[in-house]
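So the structure is just underneath, and the comments pick up after that.
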Amino acid sequence: MTARTKLDLFKPRPTWVRYTLGYAALFLGIIVGKIKVKGRDYIPKEGPFIVVANHFNVSEPPFFLFALQRPINFLVASDQVIEWYNYWAVWLYGFIPTNRAHLAPSTIKMAKKVFAKKEILGVFPEGDTLSDELRSAKPGAVFLSTLGQVPIVPMSIYGLKKGLWNYIFSGIRPKISIRVGKPFGPFELPKDRSQKEKELKYIGDEMMCRIAALLPEECHGKYKNNPNVKKYRLENNL
């Protein structure tokens, strides 16, 4: 059994707190970067739904908020180390703690509450920021989508080459491109465990191809030259 960390004790702040902090994210986005958001028409008018995005930089969550302009319940790995200068923002907004290998019952319980309140769950399916190219998805986002029978909305965030504080202190305003893609799912999983794992992997790869379709080719990583990427680009009129 994995020892609990301080991050395991976190939970999302009340909706009104996250809503208010969304305005701070809008202000921060306007000040820090030159941001273009495309595809907002694909965002469902009402929840519940899951939004998934690439995770190349630890500074991406505020731009997640900037794009959606609604309170989000982030799913965040609790087995990671968060630097002190980023910890305050994580504490202020709150999140649903999760183990990157296996979803704990508490994580599933909190996600179900999000769906019951018709809110938005935000997930970085790769689980870390170890690369600036796409990697395989952890199964959590797909599993929760099938569990709650809610759609998944793919999104890309591109242009952050450094940490947010580096841009703030240097005075450089990077060009940040955010694209939202067409929702897909939910799906049904087979009852057989081995077949369920295969299906989670298959849908997870589809999800990552949909994110790849919203990113420049240089970022496609594992999904480079995958024919589904071209198909989803056409689907999103790109």
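The values are calculated or read from the model by the stated rules, or taken from the named source; none is laboratory data. What you see is a predicted model, and the numbers here were worked out from it, not measured in a lab. Glycine also receives a Cβ, built like all others from the backbone with ideal geometry; neighbour counts cover every protein chain displayed.
Quick check on GLU206: is it within 10 Å of ALA137 (Cβ to Cβ) and either crowded, with 21+ Cβ neighbours inside 10 Å or in contact with a helix residue (DSSP H, G or I) (Cβ under 9 Å, 6 or more places away or on another chain) (or both)? Yes, satisfied. Test ALA137 against the stated conditions and say whether it is touching an Asp or Glu at 6+ places or on another chain (Cβ under 9 Å), of a type in the set (A, V, I, L, M, F, W, C) and farther than 24 Å from GLN80 by Cβ. Criteria not met by ALA137.
Take the range 96-126 and flag every residue that is of a type in the set (Lys, Arg), out of contact with any strand residue (DSSP E or B) (no Cβ under 8 Å at 6 or more places or on another chain) and either in a helix (DSSP H, G or I) or at negative phi (or both).
Correct list: LYS109, LYS112, LYS113, LYS117.
Against the conditions (1) of a type in the set (Phe, Trp, Tyr); (2) over 23 Å from GLY33 (Cα atoms); (3) loosely packed, with under 15 Cβ neighbours inside 10 Å, PHE143 satisfies every one except (3).
Residues that are buried (at least 18 other Cβ atoms within 10 Å of the Cβ) and not in a helix (DSSP H, G or I) within the range 27-36 comprise GLY33, ILE35, listed in sequence order. For the range 31-63, residues that are basic (Lys, Arg) and over 23 Å from PRO174 (Cβ atoms) total 1.
Go over the candidates LYS182, LYS191 one by one and state the one that is assigned to a loop (DSSP other than H, G, I, E, B), modelled with pLDDT under 95 and either surrounded by fewer than 19 Cβ atoms within 10 Å (Cβ to Cβ) or of a type in the set (A, V, I, L, M) (or both).
Sole residue among the options that is assigned to a loop (DSSP other than H, G, I, E, B), modelled with pLDDT under 95 and either surrounded by fewer than 19 Cβ atoms within 10 Å (Cβ to Cβ) or of a type in the set (A, V, I, L, M) (or both): LYS191.
If you go through the range 1-16 and keep only what is free of Cβ contacts under 8 Å to residues at least 24 places away in the same chain and not basic (Lys, Arg), you end up with MET1, ALA3, PRO14, TRP16.
Of the residues that make up the range 194-210, is at least one without any contact (Cβ under 8 Å) to a residue 12 or more places away in the chain and in contact with a Leu (Cβ under 9 Å, 6 or more places away or on another chain)? Yes, that holds for at least one residue.
Applying the condition of being out of contact with any helix residue (DSSP H, G or I) (no Cβ under 9 Å at 6 or more places or on another chain) and surrounded by 12 or more Cβ atoms within 10 Å (Cβ to Cβ) to the range 5-26 and asking which residue is modelled with the lowest pLDDT yields THR5.
Quick grid of which residues meet (1) touching a residue at least 40 places away in the same chain (Cβ under 8 Å); (2) within 14 Å of the chain's Cα centre (by Cα); (3) outside any helix (DSSP H, G or I):
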residue	(1), (2), (3)
ASP128	yes, yes, yes
ARG135	yes, yes, yes
VAL142	yes, yes, no
THR146	yes, no, no
PRO154	yes, yes, yes
LEU160	yes, no, yes
ILE168	yes, no, no
ARG173	yes, no, yes
ILE178	yes, yes, yes
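Taking the numbered list (1) touching a strand residue (DSSP E or B) at 6+ places or on another chain (Cβ under 7 Å); (2) part of a loop (DSSP other than H, G, I, E, B) in turn, LEU75 passes all entries but (2). For the range 209-234, the candidate set comprises residues that are within 19 Å of the chain's Cα centre (by Cα), part of a helix (DSSP H, G or I) and of a type in the set (A, V, I, L, M, F, W, C); within that set, the residue that is surrounded by the fewest Cβ atoms within 10 Å (Cβ to Cβ) is CYS219.
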